[in-house]
Structure formats: C-alpha cells, structure tokens
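Worksheet: one structure, shown below.
We did not get these values from a lab; they are worked out from the coordinates using the rules stated. Please read these numbers as outputs of a predicted model, since none were measured by experiment. Cβ placement follows ideal geometry from the backbone for every residue including glycine, while neighbour counts extend to all protein chains displayed.
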Amino acid sequence: MPITTGNRFGPYQVVAPLGAGGMGEVWRARDERLGREVAVKVLPDEVSSDAGRLKRFEKEARAASALNHPNIVTIYDIGSTDSVSWIAMERVEGKTLRELLFAGPMPTKRLLSIAAQIAEGLATAHQAGIVHRDLKPENAMVTKEGRVKILDFGLAKLTGTESGENASRLPTETGTSPGVVLGTVGYMSPEQAAGQTIDFRSDQFSLGSILYEMATGKRAFQKGTAVDTLSAILHEEPKPLSVVSPEAPVPLRWIVERCLAKDPEERYASSRDLARDLAAVRDRAEALSGSVAASETARPGTKRRRSIRAILTIVAVLAGTAAGFLAAAARKPGSSAPSFHRVDFRPGTMANARLTPDGQSVIYGVTREGETTARLYQARLDSPESRRFDLPPADIFSISSAGEMAIRLNLSRPREPGEGPPYVLARVPLGGGVPRDVVEGVLYASADWAPDGKSLAIVRFVKGRFLLEYPIGKVLVESDKMIVGLRFSHDGREIAFFQGEGAGVSVGTIAASGGERRTLTTGWGGTMGVPGWSPDSREVWFAAKKQGQHAALYAVDRSGRTRLVAGVPGDLELDDVSREGRVLVGHHTKVSTLMGTAPGDPKERDLSWLDDSNAVDISSDGTKLLVAEEGEGGGPAFATYLRATDGSPPVRLGDGYPGALSRDGAWVVVETNSTQSSRKPQLVLLQTGAGESRPLANDTLENFAAVNWMPDGKRLVICGNEPGHKPRIWIQDVAGGKPRPITAEGVSMSPFGNSVSPDGSLVVGDDAESGAVLCPTAGGDPRRIPGWKTVETAVQWSLDGKALYAGRLAEIPMEIFRIDVATGERSLWKEIRPSDPRALGIEKFVMTRDGSAYAYSCYHYSSELYVIDGLR
C-alpha cells in the first residue's frame, strides 16, 4: 500500500521517509505508547505476495530481535497491517559506512574503531547461531558519536535450527528458487558465491572485504560484470595491502589476509577471537597517538597480563605504523573527495546539457534574463568564458562520438495546427553549420545517439501513444504512459528511460535490439534530466524526488537496489555521465510565487505562504483562496491551506492535495495517498470551520486527476481512471456509493479552476483530439466548442453560464479570453503579466465567475551547471 505521513502500523505513526533497501522501505515513525521515535521497515508492495521474501523478512525480525548488543540495531516489534508486513526497530541517526567511504580510504584510527565494533556485533550474533549473510558497507551505520550499528539481518540464517538439504543450499537473489547465490556480489565469501554450505566464517570473509576497502578506498573484488566478480572471489587474490595501502598497520594486514582466505578453515575458528584481535590493534593504535603511560593509567584493563600474541601485536603495530608514516611522507598528498567545476557564470535558467566526446567541453541550453527561449552555448572546462552557437533557439539532445549534435528546434511555444511546425529533431556539426531536420514531434530530452554515432533513439507522441523508437521508425516500446529521457549504455546494448507521471515514475531499461525490458525502480514523484550509466554500465544513475523532498542523485542496479549518490539543498538535474565517470549536473532552486487580487481591489498582492504555494480554487465571492503547498514545506503528503485574498494569514486545514472548495465555502475535498483500508488514493472532505473530516471510500479508481463540486454540494465531479483503463469523468455522491461515469474513456477534466457550469448541467471535458468539449452531467454525447484552440485550458465559467474563460498556461504574458460556448466568439478579458521579470511561466490560474478576483502561481529557477569528478 502507498505509505505517507500519518499512516499507522500498530502503535507506530509514520512521520517521514528515511530510505530504501533491498528488503523494503524504511520510515521514521513515532511510538505513541512510549513517546519515542522508531524506524519502521515495510516490505514493498511489488514483493508482498512473494512468499519467499516475506519469509526472509519475518526471519530478519525473529533473528535480530533475539540479539541484544550495542553494535546491533535493536528490534522492537513485528506485525502486519492490511497484508503489509513491518518491523519496528531502533532509529539510528548517522551515516552508513558506504557514505563515509565516498571520501576514500579511512584514517587508521577511525578504521580500527569501526572495524572492532562491527566484529563485536558479529561475534555476539555468531554465538547466538545467526549469520548475517549480507554484510556490506550499506549495512553498517555510524553515529555522530562514532558508535557502529549493524543493520538489516534480512538474509540471516538461523544456523542453530536449520539442518539438512535446506541448510546447505541458498536461494536466488530474489529468494524464489534454489541453487543460486544470495547476497551482495562484491562482498560474498567463496563458499557463498559457489552456493555451498556457509557458517559464521562467511561473515568473516565479508568483513575482510570491507576492511580492505576501508584501508585502500578500493573494493577487494570488483570486475566489469557480476559473473567476473564472482569468479575473482573464487579464484583470484586482491592486491596485497602492503602494496595498495603500505601505511596500514602490519597486524591489520594479517587480519585482513586471514579473513580473506579462500578456505574457511584458514579463517578464525571463532569470531570472538577476530573481535579481540581487532580490539587489540585498535587499543595499541590509540596508545601510540598519545602517551603510552597515560593510556595505561586511563585504561584499567591494560594492566592485566598479556599473552605472547598480544606482545607481538604491539611490536608489529609499532613497526607497521612507523612504516606507514614513512610511506605517507614519501607520497604526494591528495584527496579522493568529489571536485566541482562550475560551467557557466552568468545568470540564466539552464536547460539540457551534454559533455562533448573528449570530456573537455559542455554544450548546454540556457535562457537568459529578458529571453523567452533557450539558446545553445559551448564552454570549455579550462575557461570561464562561453560562446553562443549561431543557431535559432534550440536545446541539446545528444552529441555523437563523431562530433555531431542532435538538437531540438522550434521552442517558442506550443502550437496550434496551422500556426507553424511542431518541435523538430535536427542534426548539426559540433563545429557549426546549418541544421538539417530529421523528424518532427520528438519529446523533451528524448533523443540519444547510439555509441557508434550513426543512429538515434527517440521518443515521439503519436495519436495518444508514446513510442520509443530505435532506430527511428522501429518501435521498441509503445505505451499510453509518458516515456521521456533516453540514454544508451556505454556499450550500446541497452537504453535507459523514464516512464510514468505523478507519484509513479519509474526508471527502466530495454535491450537496444528490442529484447528484454526491465523496470528497475518505481514510485518516484518526478525525475529531472535524463538517466545516465555508471562507467561499467552496471548501474543507472538518475535524479529524482519524492513528495516533500528535493531531487537528488541516485543509482540503481539491475537487481533494483537503489542508493543515494549525492544530495544538496535545491534540486539536482542529471544531464550526463561520461564513460570515465565525469558527471554533469544542473542545480536548480525553484522560486514560486502566488499572486492574487481581492474583490474591489484590482492591485495584485503576494499571497505566497511556504516554499511552493499554488492556487487551486477561489470562493464564489472571491474572498477565500484554496492553496496547495506542494514543496518541501508541504511535506510528503502535501498540505491544504485556506487563505483570505486580503492577505491575512492562512489557515491550515490538513494533509492532502486540495481539489475544490464547495459553493457555500463550507467544505474542501482533498486527495490523500491511501488509508489503512485501501491501497487506492482516497478523497476526504475537510470542513473549513469547526467539525470533523469525512473520508469517502474508494475501491474503484486508481488515480484522481481533478475534482470539482456540483452546485448542490451533495455530489462531486471526478476525473479518474480504473486500473488498466484511460481516464474519464465520473459523478460521486458524497454520501457514499460507487462513482457513475458520464463520459467515455479518454475524456479528462482540467485540474485548474471550476469545470462545472453554474446550473450543474455541463462539465468542461478535454478530448485529446478535439480539445475542450461540453459533457452533460446527466449523460449523453459531448459537443465541441466552436473555435476552441487545443492548447487552451478552461479556467472558469461565466456567471450566466454562456461563456468560458480560457488561456494558455505556461505562457507569459498569459492572455485570458472570454469564449461564447455556442458561437465560439471570443474577446480578451485580461492579460496576466507577473511583476517578476524572471518568471518563466504561469502554473495555475483561478478566478471568480464575475471576474471580481483572481489568483495565479508563477515561478522561476535559479540555476547553475556543474561538472563533478570523483562521485561513486
């Protein structure tokens, strides 16, 4: 079921998302019984019916809840709510070991502190008969105080209770079939990689791999493919620490080599011995950093008799540390932290950008102040200057290996039939020349050259369907769901793309030959830019956001494991990733403004409240404005506010996205993501004054695109779709019952303003081919409005019900026309021109039927473009 703020799992109320992993999503929640914050892990919807994964999920709880150790996350509770299994556990604030490793090799003192704590936690688990089986940097959290917590015993095996054939074979990586390895490839033991019986010594090998990476900044076993990595684990030895990290203490090298022994018999006979050895090396390293005498005094346990092995360890630490100092002094200092290089230094809003094949220049589109469309520029990374191409307004799609650009022309505005050519994909040499048209109708950021530089993959929208073509003319994917953003893998075998809208955007791939198609990750509220491929093509990188969060840079592998690569205040847009790992990103900060007027006061005033205030509806008398807060301030569930148009402070009505205000101003209908009893989105009626909310049960529609009130206040007009069907318009009684369709499929309704006529007999619908149509609420065939332009959006009926007000959203200035629905006669009512000269477009516009008051949302972006080296 979709999860959002306010959902409950037993006594735990969801507060905010924390992250996601292979075993499910993790949410911050509050235990209302004990007044503490916890982390709640839930199994994803797409695998909730998988009995194997569900069994592993429950086993995680049973295994980890039996453990009580400061270096193991504490499990509080396990349960199931509406067929969704969940675990409540200790909330740990800090960074994963993977995040800490982004900076490169660790200082020896910190390495040993973390390593000793991990070993202590493992030793306790192993004594209880529990093997982790998926130990990796992502599963170790380090708090600000330096405390380490081992996470996710989701692959744990109760070695003390399992026996026989079931204990000697591991399931597949998805947990559905026997005979194939389970775990994370780069940190598997040889016996795990071979699908053999494993015990606690398998975790020792995984810890050895982690220690190697902490000391060197490089993985012990990492090849171009998963198969090659498994082969290296089975048959190859990593480069010795003495070569890769000569400053590492000698005893640490011995420990790592022992843990990475191919034969389990050559590793530690007890993980407790491993923990003791690491603790001894840690203690002596700490003693060396200060006064040995002071250390002995401060540590009561150091006065006890030491074994011969401990004495030898001390000597070896001294020798190893001295050698490390010498080696470090001989090397030139450096840093493995990411480096940022800004590309353009003049104000403007960045469009698409791409690296040139040699990686030394960037081609990018930018809209400067005073301009309405993007122009193409080129900047070399060794110079702060840039040059503008002698081309008409254009945006960059892709640059071929042969140095030819694929660009998008005709950017001025959406066009009516007969007003001019549609968007055109053209090709032009990187050195300049006259563009040559290739094909019309290619979508934004939806064309890419194949690595051979000879052919293009594109996405077009044709007769209501999105077509992904490669080569042009050969359809690989056809869908009624939006497809956008195309990038070839570096070897040219696969194409990555985005699909979907709203809160269901997915990242997927398809074989360039037209074969296997995969959905890697879904449930994103929006993507920015295009997908990219890691240098080894094992991961797809993408910039995406969820509601209430900024867009950040993520990576997902072919198994669906998603990790955060980089996040900053503001939104990141991914534009390119080179074969060498150079990353090109745009950094955008959206500035949204809500402007409006009050009856009798034509002067516009700023009615913004939080960071992304949007006008949704206005009261009949023009004194109240229904506002949706869609940004970070609104939170992951959105927020609904009611604000007076005279500028007085707004009133927060509740969570959810507002749909419409009733004619009498007493009720607001909002959409929420889910309830405990249904996985479909729900409508809730909120009172604008005192009173309780009223939920409306929904088991029919999987999506709401728009909601309006009928004049009687007893019915709603809804645009939504049933699963597997196109949207249509429905009537819903607020007293309950199932909605009744009044149009055929494919007729939608504008989410802006009020589409219902004053007498409630007609609804303004939108037909993809005809544009606006009038749909009888009693049923019957819709009729076209004479002279209507398909790019116009209806925003309100006139007071007498004889005309509609309509305009072209996203344009500045926005012209609002009064259009007679019987004759098509039109007259200009008002030209809306935001006072902000940087405004790029108008997102939403609402007005009263008599025109006495109106409000609109406009926006602009503050943008910078960066090339980043060193991201992993």
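Structural remarks
- Charging the Cβ of each Asp and Glu at -1 and of each Lys and Arg at +1, and nothing else, the dipole of the chain about its Cα centre rounds to 2240 debye.
- Residue-by-residue Karplus 3J(HN,Hα) for the range 853-864, coefficients 6.51, -1.76, 1.60, Hz, glycine and proline x: 8, 7, 8, 8, 10, 10, 8, 8, 10, 9, 10, 9
- Enclosed volume per residue, in Å³, of the convex hull spanned by Cα atoms of the range 530-635: 116 Å³
- Shape index of the range 427-471: Rg/Rh, with Rg the Cα radius of gyration and Rh the Kirkwood radius from the inverse mean 1/r over Cα pairs, equals 1.01.
- Efficiency of FRET from Cβ geometry, ARG110 and SER339, R₀ 30 Å, rounded to 0.05: 0.85
- Mean residue ellipticity at 222 nm, helices only, the chain: -5000 deg cm²/dmol; runs of at least 4 DSSP H residues each add -39,500 (n - 2.57), and the sum is divided by the number of residues.
- Amide H contacts of SER398 (H built 1.01 Å from N, under 5 Å, at least 5 apart or other chain): ALA406
- Extension gain (nm, one decimal) between GLU385 and ASP869, 0.36 nm per residue minus Cα-Cα: 172.2 nm
- Residues whose amide H comes within less than 5 Å of that of ARG715, counting only those at least five positions distant or on another chain, are MET710, VAL734 (H built at 1.01 Å from N in the peptide plane).
- Taking 7 Å steps out from each Cα toward its Cβ at LYS802 and LEU828 produces label points 2.3 nm apart.
- The angle between the Cα long axis of helix 250-259 and the main principal axis of the chain comes to about 70°, on a 0 to 90 degree scale.
- Within straight-line reach of LYS738, meaning a Cα separation under 27 Å, sit the following lysines at least 8 residues removed in sequence or on another chain: LYS481, LYS680, LYS714, LYS726.
- Label-point gap, in nm, between ASP850 and ARG518 - each point 7 angstrom along Cα→Cβ: 6.3 nm
- Set of lysines near LYS624 by C-alpha distance (under 19 Å), chain-local residues within fewer than 8 positions excluded: LYS603, LYS844
- Peptides 477-490, 682-695 ranked from most to least packed, by the mean per-residue count of other Cβ atoms within 10 Å: 477-490, 682-695.
- Against the chain, whose longest principal axis is taken from its Cα atoms, helix 200-216 shows a tilt of about 80°.
- Derived scalar couplings ³J(HN,Hα) [the range 643-651; Karplus, 6.51 cos²θ - 1.76 cosθ + 1.60; whole Hz; x for Gly, Pro]: 10, 6, 6, 7, x, 5, x, x, 10
- Electrostatic bookkeeping for PRO429 treats Lys and Arg as +1 and Asp and Glu as -1; over the other residues with beta carbon under 13 Å from its beta carbon, the sum is 0.
- Full extension of the chain between VAL568 and ARG465 yields a length gain of 33.5 nm, computed as 0.36 nm times the residue separation minus the alpha carbon distance.
- HN-Hα J in Hz across the range 713-729 - Karplus 6.51, -1.76, 1.60, θ = phi - 60°, x for Gly and Pro: x, 9, 9, 10, 9, 10, 9, x, 9, 7, x, x, 10, 7, x, 8, 9
- For the chain, the longest principal axis of the alpha carbon atoms and the long axis of helix 308-330 meet at an angle near 60°.
- Only Cα sites of the range 614-661 enter the Debye sum here, all with the same form factor; the resulting log10 I(q)/I(0) across q = 0.15, 0.17, 0.23 1/Å is -0.34, -0.43, -0.75, listed in q order.
- Directionally averaged shadow of the range 371-511, computed from the convex hull of its alpha-carbon atoms, nm²: 10.3 nm²
- 19 Å reach of a label modelled at ARG652, 7 Å along Cα-to-Cβ, counting backbone N of the range 619-644: 625-644
- Part-to-part distance (alpha-carbon centres) for the range 224-288 and the range 134-152, which is given in Å: 19 Å
- Between SER401 and GLU369, the FRET efficiency from the beta-carbon distance, with R0 = 30 Å, is close to 0.25.
- Partner lysines for LYS454 [C-alpha distance under 17 Å; skip if fewer than 8 residues away on the same chain]: LYS474
- Cα gyration tensor category, rounded, prolate or oblate, for the range 717-818 with a/c compared to 1.5: prolate
- Theoretical FRET efficiency, 1/(1+(r/R0)^6), r = Cβ-Cβ of SER479 and ASP601, R0 51 Å, to 0.05: 0.60
- Rg to Rh quotient for the chain, alpha carbon positions, Kirkwood Rh: 1.01
- Every Cα-Cα pair in the range 637-709 was counted, and those over 21 Å apart are 25% of them.
- Separation in nanometres of the label points that stand 7 Å from Cα toward Cβ, at GLU286 and ASP664: 7.1 nm
- Angstrom value of the Kirkwood radius, inverse mean 1/r, which spans all Cα pairs in the range 474-601: 15.6 Å
- Across LYS41/LYS144; LYS149/LYS239; LYS41/LYS590, pairs whose alpha-carbon gap is larger than 27 Å: LYS149/LYS239; LYS41/LYS590
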